[in-house]
Amino acid sequence: MARDRLPPLKSLEGFEAAARLGSFAAAAQELGLTQSAISHQVRNLEEALGHALFRRVYRQVVLTDAGRDFHRTVRDMLKVLRGGVSRLAPYRKANSVIVYADAGFAGCWLQPRLPRLMADLPGMDLWLDSRGLAVDFETTELDIFLTDAPDGGDTGLPSETLLGLDYAVYTAPALAGAAAAFLEGRGTVPLLHDEGPMDWAAWFAHFGLAMPGGDALIAGPTFTAVPALLGAAADGLGLALAAQGYAAPWVARGELVPVGDRICLGAAQLTMVVRAKGRGDAHVHALADWLRAAAASGQPIDR
């Protein structure tokens, strides 16, 4: 095959499935094809590339060295292609507004307010992504970006502060007494951690409290998402340090209580970037205005 010629593209999906599953039969079942069709695709691909991609060992197929190398390329290519296809979905919905948000804001602040949002903006279709993936503003289709990263996500685009995040300590009601004593230097209560803008060392230092000895300050589980952190605290696993606005749903349900009255005001901020581009701009601006109003009013969460 000439260097600038691509192999038969329709064979790549069959090859990838067979390589991943280690079986032509399993690949055929996954793709809804016959085993002979998969075998035919792989044979055509091997002929086009000039390399054997599999070794046939009894009823199994095993990748050759060339096959393993090529499988990595095909796997990554198909992942990118599927991602590109999925990004087309919003274009089928003229009223969709694509929002990328931190899991804390999406799951703790926005989700409890969704009933009110949907009632107030009935003509808008929200498309919410809170997976925490890195966002490339050159290639990612989005309308509103929300983050509590210290640099505002470093987007290079105009941004505004939507929420000031005031941090407090929370725990399950059963641990409230022990937690209060621990913060005053008596006893031990496990600490829960996340990857948010404020950690326990900064909290103790801010209030001039004595640091727990040994590994107590760093020991304990770490969570990448605030909802999981607060859920663990509600289950009685320890103390959580979180923004008041994010802990509010758990407090409202009686699952968490604040420990003491120490509040670190303005410990972080939630930044919003609005990037309307012509497609459904009215809905984008309507949602941005709704978020601004909800944040400014301090309206309680929906029950």
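Read the figures in this text as sums done on the coordinates, not as results from a lab. Every value quoted in this text rests on a predicted model; they were computed, and no experiment measured them. Ideal geometry is used to build each Cβ from the backbone, glycine not excepted, and the neighbour counts take in all protein chains shown.
Put simply, the range 9-86 fits an ellipsoid with semi-axes of 19, 15, 11 Å; these come from the alpha carbon gyration tensor as the roots of five times its eigenvalues, largest first.
Express the C-alpha Rg of the chain as a ratio against the empirical globular expectation 2.2 N^0.38 Å, rounded to two decimals. Ratio of Rg to 2.2 N^0.38 Å for the chain: 1.34. Multiplying the residue separation of GLU195 and LYS79 by 0.36 nm and removing their Cα-Cα distance gives an extension gain of 39.0 nm. Using equal-weight Cα scatterers in the Debye expression, the normalised intensity of the range 119-168 in log10 at q = 0.17, 0.29 Å⁻¹ is -0.71, -1.31. In this simple spin-label model, placing a label point 7 Å from the Cα along the Cα-to-Cβ direction at both TRP127 and HIS206 gives a separation of 3.6 nm.
Taking amide hydrogens as placed 1.01 Å from N in the peptide plane, the amide H of ALA268 sits under 5 Å from those of LEU165, each at least 5 positions away in sequence or on another chain.
The helix-based estimate of mean residue ellipticity at 222 nm for the chain, built from -39,500 (n - 2.57) per DSSP H run of four or more residues and divided by its residue count, is -11500 deg cm²/dmol to the nearest 500. Between the amide H of LEU63 and those of ARG55, distances stay under 5 Å, these residues lying 5 or more places away or on another chain, with hydrogens modeled in the peptide plane. Put simply, the amide H of GLY22, placed in the peptide plane, has no neighbours under 5 Å, leaving out anything fewer than 5 places away on its chain. Dipole check for the range 9-86: with +1 at the C-beta of Lys and Arg, -1 at the C-beta of Asp and Glu, and the Cα centre as origin, the magnitude is about 160 Debye.
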